[in-house]
Amino acid sequence: MSLPTHVRLVEVGPRDGLQNEAQPISVADKVRLVDDLTDAGVSYIEVGSFVSPKWVPQMAGSADVFASIRQQPGITYAALAPNLRGFEDALAAGVKEVAVFAAASEAFSQRNINCSISESLQRFAPIMQAAREHGVKVRGYISCVLGCPYEGQVDAEQVAPIARELRDMGCYEVSLGDTIGTGTPGATRRLFEVVGAQVPRAELAGHFHDTYGQALANVYASLLEGINVFDSSVAGLGGCPYAKGASGNVASEDLLYLLQGLGIETGIDLDKLIDAGQRISAVLGRASGSRVARARAAR
Ligand SMILES: CC(C)(COP(=O)([O-])OP(=O)([O-])OC[C@H]1O[C@@H](n2cnc3c(N)ncnc32)[C@H](O)[C@@H]1OP(=O)([O-])[O-])[C@@H](O)C(=O)NCCC(=O)NCCSC(=O)C[C@@](C)(O)CC(=O)[O-]
């Protein structure tokens, strides 16, 4: 299969990236990060989550972040919503796109959202209905598509029916998450072959954590499978609070460098993206997790 000419990056740094930070991060710093990403030309930014603050304290100020970011036309500013309560809070904050999140493993579903996979899908039904009524778009996530921190290996056959159900419910796109980064290019290709038989590949996205250093290779394997939407996190921020030891998503800067090298368009300015990553890394008091950003800084 030939490579796509255009790829959409879903920037999840402000949400997936920051949700796992132990230290408090001010609303002003989160707003600055989102505004920097807007200025860099990112077309989709996951800004926060409307989840229980007892479960993920770092996302507690998401409504305040939405109230202060500089929203530009043509850019999607999205948030996670695990249940109707979260959806209603997101709606009240003016959010126009939400993401629901399920898992491919029962144990992870229980640890992450305190219910079984099937209960989670039932919980999403009223969100989908309310979203339709309010003209809100819904994206779907599935975690642990290539491995689970509690159950080990996860087969593509476990993922496909969940992806199909999310699509049938009305998710316009389903992002497949390698939450603990154990996936390899071979497993990734097989995943998209199997899931792609149930859901059109144009409606699938790849979400790769870089824990085992495979994320960019997995992106490339996905490109070969006809996938052209990828989630990434500026400065490689992140991890998952319910997957101990999981590192951040593939760094957006590194992904962009790869795509530019392949002649694939994203509309994003690499220098500005690097600046955004350096600024939030300074706030966090550590070096950027992006190798491209570190190499540029060392020049
Ligand atoms: C789903 C629940 C709420 C169930 O949590 P629960 O405890 O089963 O919920 P509950 O309905 O029994 O309610 C318990 C309390 O939470 C409140 N509550 C209930 N809902 C909300 C809400 N929306 N916002 C704020 N508060 C809420 C509710 O009002 C009540 O408050 P209390 O009476 O005790 O004071 C909880 O488990 C939760 O919030 N989990 C979030 C977990 C999470 O955010 N994980 C990280 C995101 S997923 C991810 O990172 C993976 C991904 C997407 O990036 C892909 C990948 O890499 O794998």
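The values are calculated or read from the model by the stated rules, or taken from the named source; none is laboratory data. Small disclaimer: the values here were computed from a predicted structure and weren't measured. Here Cβ is always computed from backbone atoms with ideal geometry, including for glycine, and neighbour counts include all displayed protein chains. Remember, those area values only see protein heavy atoms, side chains included, never the ligands or the DNA or RNA. Shrake-Rupley method; radii C 1.70, N 1.55, O 1.52, S 1.80 Å.
Assessment of the range 14-28 against the conditions (at pLDDT below 95, within 16 Å of the ligand (Cβ to nearest atom), under 15 Å from the mean Cα position of the chain (by Cα) and open to solvent by 30 Å² or more (accessible area, probe 1.4 Å)) yields at least one matching residue. Taken residue by residue, the range 153-160 has at least one member that is open to solvent by less than 40 Å² (accessible area, probe 1.4 Å) and under 18 Å from the mean Cα position of the chain (by Cα).
Only a single criterion out of (1) part of a loop (DSSP other than H, G, I, E, B); (2) surrounded by 19 or more Cβ atoms within 10 Å (Cβ to Cβ) is not satisfied by residue 276, namely (1). Pairs meeting the criteria (first residue in the range 270-299 and more than 19 Å from residue 249 (Cβ to Cβ), second residue β-branched (Val, Ile, Thr), beta carbons under 7 Å, at least 6 apart or on different chains) are 296/274. If you filter the range 32-58 down to residues that are open to solvent by 40 Å² or more (accessible area, probe 1.4 Å) and farther than 20 Å from residue 88 by Cβ, you find that the one that is nearest to the chain's Cα centre (by Cα) is 43.
Cβ separations smaller than 8 Å between residues 6+ apart or across chains give the following pairs from the range 199-227 residues that are under 9 Å from residue 185 (Cα atoms) and more than 16 Å from the ligand (Cβ to nearest atom) to residues that are open to solvent by 10 Å² or more (accessible area, probe 1.4 Å) and among the hydroxyl-bearing types (Ser, Thr, Tyr): 217/184. State yes or no: is residue 206 assigned to a loop (DSSP other than H, G, I, E, B) and within 12 Å of the chain's Cα centre (by Cα)? Answer is no for this residue.
Each row is one residue, and each column tells you yes or no for (1) surrounded by fewer than 22 Cβ atoms within 10 Å (Cβ to Cβ); (2) of a type in the set (A, V, I, L, M, F, W, C); (3) part of a loop (DSSP other than H, G, I, E, B).
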residue: 111; (1), (2), (3): yes, no, no
residue: 123; (1), (2), (3): yes, no, no
residue: 129; (1), (2), (3): yes, no, no
residue: 140; (1), (2), (3): no, no, no
residue: 174; (1), (2), (3): no, yes, no
residue: 177; (1), (2), (3): no, no, no
residue: 183; (1), (2), (3): no, no, yes
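Taking (1) under 18 Å from residue 238 (Cα atoms); (2) in contact with a Ser or Thr (Cβ under 6 Å, 6 or more places away or on another chain) in turn, residue 72 satisfies each apart from (1). For residue 286, the conditions (1) outside any helix (DSSP H, G or I); (2) in contact with a Leu (Cβ under 9 Å, 6 or more places away or on another chain); (3) surrounded by fewer than 18 Cβ atoms within 10 Å (Cβ to Cβ) all hold with the exception of (2).
Within the range 153-189, the set of residues being in contact with a Ser or Thr (Cβ under 9 Å, 6 or more places away or on another chain) and among the small types (Gly, Ala, Ser) comprises 177, 181. Checked against (1) under 17 Å from residue 17 (Cβ atoms); (2) among the hydroxyl-bearing types (Ser, Thr, Tyr); (3) surrounded by fewer than 22 Cβ atoms within 10 Å (Cβ to Cβ), residue 220 meets all criteria but (1).
Flag set for residue 119, criterion: within 12 Å of the ligand (Cβ to nearest atom), out of contact with any His (no Cβ under 9 Å at 6 or more places or on another chain) and open to solvent by 20 Å² or more (accessible area, probe 1.4 Å). Within the range 47-61, is there a residue that is over 27 Å from residue 221 (Cβ atoms), touching a residue at least 60 places away in the same chain (Cβ under 8 Å) and in a loop (DSSP other than H, G, I, E, B)? Yes, some residue in the range 47-61 is over 27 Å from residue 221 (Cβ atoms), touching a residue at least 60 places away in the same chain (Cβ under 8 Å) and in a loop (DSSP other than H, G, I, E, B).
Is it the case, given these coordinates, that residue 294 is over 22 Å from residue 74 (Cα atoms), in a helix (DSSP H, G or I) and open to solvent by 60 Å² or more (accessible area, probe 1.4 Å)? Considered against the rule, which asks whether it is over 22 Å from residue 74 (Cα atoms), in a helix (DSSP H, G or I) and open to solvent by 60 Å² or more (accessible area, probe 1.4 Å), residue 294 comes out as yes. Criterion applied to 100, 95 was being open to solvent by less than 50 Å² (accessible area, probe 1.4 Å), closer than 28 Å to residue 33 by Cβ and either among the small types (Gly, Ala, Ser) or part of a loop (DSSP other than H, G, I, E, B) (or both), and the one residue passing it is 95.
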